[in-house]
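**Student:** The structure follows.
The values are calculated or read from the model by the stated rules, or taken from the named source; none is laboratory data. Everything quoted here is computed from the prediction, not taken from an experiment. Note: ideal-geometry Cβ built from the backbone for every residue, glycine included; neighbour counts use all protein chains shown. Just the protein is used for accessible areas: all its heavy atoms, side chains included, with ligands, DNA and RNA removed. Shrake-Rupley method; radii C 1.70, N 1.55, O 1.52, S 1.80 Å.
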Amino acid sequence: PEDTVTSSFASFIRAARPEHLSPTVRQRSKRMILDSIGVGLVGSTTRVFDIALRYCRLYSSVAVSSVYGKPGVKLSPTLAAFTNGVATHSMDFDDTWHPATHPSGAILPALLAASQMLPPNTKPNGLDFLLAFNVGLEVQGRLMHFSTEAHDIPKRFHPPSVVGTLGSAAATAKLLSLSSAQCCHALGIAASLAGAPMANAATQAKPLHVGNATRLGLEAALLAGRGMEANPLILDDIPGCSGFSAFYSVYQPKPLSAPGEHHEFLLEKQDIAFKRFPAHLGMHWVVDAALSVRNLFINYAGSFSPSLIRTIMLKIPVSKYINRPFPSSEHQARHSFQFNACAALLDGEVGLGSFSESSIHRQELRELLDKVVVEHPEDNVANFDKMYGEVALLLHSGDVLTGKCDTFYGHWRKPLSKESLLKKFRSNASHVLPEEKIEAIIALVDNLENLSDSSQL
């Protein structure tokens with residue numbers, strides 16, 4: 001069908017060219033690629049990654065695509081994408097956009113795997129790779145803007161399992177140079193493979209959402225390229241027959257304008273949030289607020305003395321799956337306002353070690369958690385663009401000390417500096433790679449437009 005929302009997306013995927021990417025879009029997306037690789041490398045040290053890798057190694061056919069952090073190990077392209085997607089989200093350390101999703105982890109592993117899959121004489125160059133990555137980002141962002149529900153912290157479906165799957169399909173379709181009709185079918189097939197419930201947040205199953213998104217999007221593009229068809233109106237709002245609208249209670253799709261002088265990529269308008277520590281994005285507000293009030297407390301008392309604190313008051317938005325008073329596992333701790341606030345108060349920082357078993361079950365931390373009281377002010381909405389975190393210490397003396405964070409360092413309104421992003425990457429990658437390889441990756445990503453064969457990445 002002509003002039004439909006779905007056909008406009010397919011035409012956009014097909015028509016996008018490298019010259020349509022502004023210098024800002026190129027630079028921001030390269031930062032995302034570098035951060036996502038680093039997060040995937042450190043994520044390859046986790047238990048959930050090991051489980052996924054052991055499962056995937058049951059299937060050894062066409063083992064051509066590399067696995068994060070495992071030199072010499074290769075899997076089939078779809079399973080490599082799955083495993084690397086799991087690694088990327090295994091610590092909840094990956095980037096976050098608004099409306100809320102984790103965009104890079106859902107598409108980068110698919111592109112890396114597909115680049116290695118293609119025959120030598122058809123390898124995409126670095127500029128092709130960068131363009132496909134941005135096509136995948138754009139499709140995710142546009143789909144999220146079709147529903148007001150998507151602007152708030154999710155309650156039903158984990159966003160990367162929904163928009164990420166279609167973003168992966170779009171990005172891979174672009175890299176594989178599928179026709180407009182095939183791009184349309186790839187989106188339709190991906191819609192049938194999308195979706196994961198929020199109830200699995202804070203469990204080992206949550207990283208599977210990103211792993212599946214990038215894998216299944218790749219599979220959708222491969223199937224479409226081989227002739228499989230799907231509903232060509234999958235993104236349109238057809239009364240009485242849900243397509244992509246099944247994932248959202250309010251869905252108002254709009255055609256995607258053709259790339260060119262009248263189209264502005266969403267990444268041009270809004271940067272990405274990069275996390276400074278491996279936890280749900282909402283935690284970054286309460287951690288910065290807690291660190292602020294901790295400094296006030298030290299100036300007040302000379303040192304951090306928990307015995308002087310009667311109550312720890314958290315003012316946070318309503319979001320059930322990240323309101324966890326007493327987390328008992330690392331994944332629950334990464335999704336607990338209470339834990340992250342108290343860890344920051346006790347240690348003066350939150351990092352990789354904060355989520356170890358020994359750290360989570362410390363008696364002194366449990367004693368702080370016992371003092372936490374939560375309030376949900378009406379003006380503190382569950383929206384990553386509008387929320388804030390506030391931590392108040394009510395002391396036995398009657399004094400009250402308060403720290404508040406409206407925009408944490410790393411948020412799209414307060415982006416990480418180049419130095420901070422490189423520091424994070426080097427720290428993450430150092431868990432599995434020697435220094436010379438770390439610096440080589442940095443150089444490759446920085447000069448991605450000039451790379452003749454993107455599979456080198």
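**Student:** With a 1.4 Å probe and all protein chains kept in place, how do LYS30, LYS437 rank by accessible area, largest first?
**Tutor:** LYS437, LYS30
**Student:** Continuing with the same structure: Run the helix sum for the chain: -39,500 (n - 2.57) per DSSP H stretch of 4+ residues, divided by residue count, reported at 222 nm to the nearest 500 deg cm²/dmol.
**Tutor:** -14000 deg cm²/dmol
**Student:** At 0.36 nm per residue, minus the direct Cα-Cα distance, what do ALA15 and SER307 gain on full extension? Give it in nm, one decimal, please.
**Tutor:** That works out to 98.7 nm of additional length.
**Student:** In percent, how large is the relative contact order of the stretch 63-192, given Cα pairs closer than 8 Å and 6 or more residues apart?
**Tutor:** That works out to 24 percent.
**Student:** Starting from the 7 Å offset along Cα-to-Cβ, what nm value, one decimal, do you get for the label separation of GLN252 and ASN383?
**Tutor:** Taking the simple label geometry, GLN252 and ASN383 are separated by 1.4 nm.
**Student:** Also: Counting only protein heavy atoms, what percent of the accessible surface of the chain is carbon or sulfur at a 1.4 Å probe?
**Tutor:** 50
**Student:** Also, quick follow-up: Based on the alpha-carbon set only, what is the convex hull volume of the chain divided per residue, in Å³?
**Tutor:** Working: hull volume 63.5 nm³, N = 457.
Hull volume normalised by residue count: 139 Å³.
**Student:** Further question: To the nearest 10 degrees, how steep is helix 159-175 against the longest Cα principal axis of the chain, on a 0 to 90 scale?
**Tutor:** Roughly 40 degrees between the two axes.
**Student:** Report the Cα-based extents of the stretch 281-405 along its three principal axes, largest first, to the nearest Å.
**Tutor:** Cα extents, longest axis first: 35, 35, 21 Å.
**Student:** In whole percent, what relative contact order does the chain give with Cα contacts below 8 Å and a gap of six or more residues?
**Tutor:** Value for the chain: 21 percent.
**Student:** Same structure, new question: Mind listing which GluC sites (Glu not before Pro) in the stretch 260-324 are in a DSSP loop and have 10 or fewer other Cβ atoms within 10 Å? Could the numbers behind the result be given before it?
**Tutor:** Numbers: sites: GLU261, GLU264, GLU268; in loops: GLU261, GLU264.
The qualifying sites are GLU261.
**Student:** To continue, here is another question. Helix 47-56 against the longest principal axis of the chain: what's the angle in degrees, Cα atoms only, rounded to the nearest 10?
**Tutor:** The angle comes out near 20 degrees.
**Student:** Sort ASP95, ASP379 by accessible area with a 1.4 Å probe, largest first. It would help to have the intermediate numbers written out before the result.
**Tutor:** Values: ASP95 5, ASP379 100 Å².
From most accessible down to least: ASP379, ASP95.
**Student:** I'd like the GluC sites (Glu not before Pro) in the stretch 363-414 restricted to DSSP loop residues with at most 11 other Cβ atoms within 10 Å, sorted by number.
**Tutor:** GLU378
**Student:** If you count only protein heavy atoms with a 1.4 Å probe, what accessible area per residue comes out for the stretch 281-405, rounded to a whole Å²?
**Tutor:** 42
**Student:** From a point 7 Å beyond the Cα of GLU229 in the direction of its Cβ, which residues of the stretch 1-33 have a backbone N at a distance under 12 Å?
**Tutor:** Taking a point 7 Å out along Cα→Cβ of GLU229, the residues of the stretch 1-33 whose backbone N falls under 12 Å are 1.
**Student:** I need the shape label for the stretch 14-161. Rule: rounded when a/c is under 1.5, else prolate if a/b > b/c, else oblate, with a, b, c from the alpha carbon gyration tensor.
**Tutor:** oblate
**Student:** Let me ask something additional. Using the Karplus equation 6.51 cos²θ - 1.76 cosθ + 1.60 (θ = phi - 60°), what ³J(HN,Hα) coupling, rounded to whole Hz, does each residue of the stretch 265-280 give in order, writing x for Gly and Pro?
**Tutor:** Here the 3J(HN,Hα) series is 4, 4, 5, 5, 7, 9, 6, 9, 8, 9, 8, 8, 8, x, 7, 3 Hz.
**Student:** Kindly report, to the nearest 10 Å², the accessible surface of CYS184 as traced by a 1.4 Å probe over protein heavy atoms only.
**Tutor:** 10
**Student:** Here's another thing I want to ask about it. Would you pull out the residues with amide H under 5 Å of LEU416's amide H, same chain only if 5 or more places away, H placed 1.01 Å from N?
**Tutor:** Those lying under 5 Å, H to H, from LEU416 are PHE274, GLY410.
**Student:** Relative to the longest principal Cα axis of the chain, at what angle does helix 206-225 sit, 0 to 90 degrees, rounded to 10?
**Tutor:** 10
**Student:** How much solvent-accessible surface does TYR68 expose, in Å² to the nearest 10, with a 1.4 Å probe and all protein chains in place?
**Tutor:** 20
**Student:** How large is ³J(HN,Hα) for each residue in the stretch 421-435, as worked out from phi by the Karplus curve 6.51 cos²θ - 1.76 cosθ + 1.60 (θ = phi - 60°), to whole Hz, x for Gly and Pro?
**Tutor:** Going residue by residue, I get 5, 5, 4, 4, 4, 4, 5, 5, 5, 5, 6, 9, 10, x, 4 Hz, with x marking Gly and Pro.
**Student:** Still on this structure: Kindly list the residues of the stretch 197-224 that lie in the label zone of THR122, defined by a backbone N under 15 Å from the point 7 Å along the Cα-to-C-beta vector.
**Tutor:** 221-224
**Student:** Also: What net charge do the residues around TYR388 carry, taking every other residue with its C-beta under 14 Å from that of TYR388, with Lys and Arg at +1 and Asp and Glu at -1? Could the numbers behind the result be given before it?
**Tutor:** Numbers: positive: LYS315, LYS386, LYS404, ARG413, LYS414; negative: ASP288, GLU375, GLU378, ASP379, ASP385, GLU390, ASP406.
Around TYR388, the charge tally is -2.
**Student:** Do you know the relative contact order of the stretch 299-457, to the nearest whole percent, from alpha carbon pairs under 8 angstrom that are 6+ apart?
**Tutor:** 24
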